[in-house]
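Encoded as structure tokens, the structure appears first; notes follow it.
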Amino acid sequence: LEEFGWRAYLLPHLQSRYPAFKSSLILAVCWALWHAPFFLWRFDFSLFMAFGFFFSLTLGSLILTSLFNLSKGSIAPVILFHLMNNLTSALEREYLVAVTGAGTVFLAIYLFRTYGREHLSDLPRITDFYPQKTTYETC
């Protein structure tokens, strides 16, 4: 359900102001801060683990931004990708995590090189779904 806040709400607002790549990086920082308490609850905290987790969140943010923009603002593929990633991690099989991690790196590089930083998509980036109220002139 995170994606309703991150991609459906925050991302369009960020993309109305910044290119998709920069919006993804800003969102990755917010997303990392959101997950920070998770380290205290579930994991033995280490600097290496924190770096790896932030790196994967950053790559994931780029991929999810690309999916969001490619799908014209639909969060269904974004939720599906996030769910599949979480399920893979929950299985706690090193080989699955390694394959998924390597695939994420290659996919993020491919999307960035193919579509560029402006939109991370061959379609225009999705900007503010919720425009500010405008004032109308009276006749």
Which one is right for this structure if semi-axes √(5λ) of the Cα gyration tensor in Å is calculated from it: (i) 30, 17, 13; (ii) 33, 20, 18; (iii) 25, 18, 13?
(i)
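Just the number, please: Stokes-Einstein D of region 1-62 in µm²/s, Kirkwood Rh from C-alpha pairs, 37 °C, 0.692 mPa s.
Values: Rh = 12.2 Å.
For these conditions, the coefficient is 268 µm²/s.
By how many nm would the segment from Ser71 to Tyr18 grow when fully extended, if each residue of separation counts as 0.36 nm and the alpha-carbon distance is taken off? Mind showing how you got there, number by number?
Numbers: separation 53, 0.36 × 53 = 19.08 nm, distance 1.91 nm.
Full extension of this stretch gives 17.2 nm more.
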Could you compute the net charge surrounding Pro12? Neighbours are other residues with a C-beta less than 15 Å from the C-beta of Pro12; K and R count +1, D and E count -1.
+3
Using the Karplus curve 6.51 cos²θ - 1.76 cosθ + 1.60 with θ = phi - 60°, what ³J(HN,Hα) values do you get for each residue of region 111-118, in whole Hz, with x for Gly and Pro?
4, 5, 6, 6, 9, x, 7, 5
Computed over the chain, the relative contact order (Cα-Cα under 8 Å, seq sep at least six) in percent reads 39
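Since every read-out is calculated from the coordinates, none of them should be taken as a lab result. As the structure is a prediction and not an experimental result, all values here were calculated from the model. As a convention, Cβ positions derive from the backbone with ideal geometry for all residues, glycine included, and neighbour counts pool all protein chains shown.
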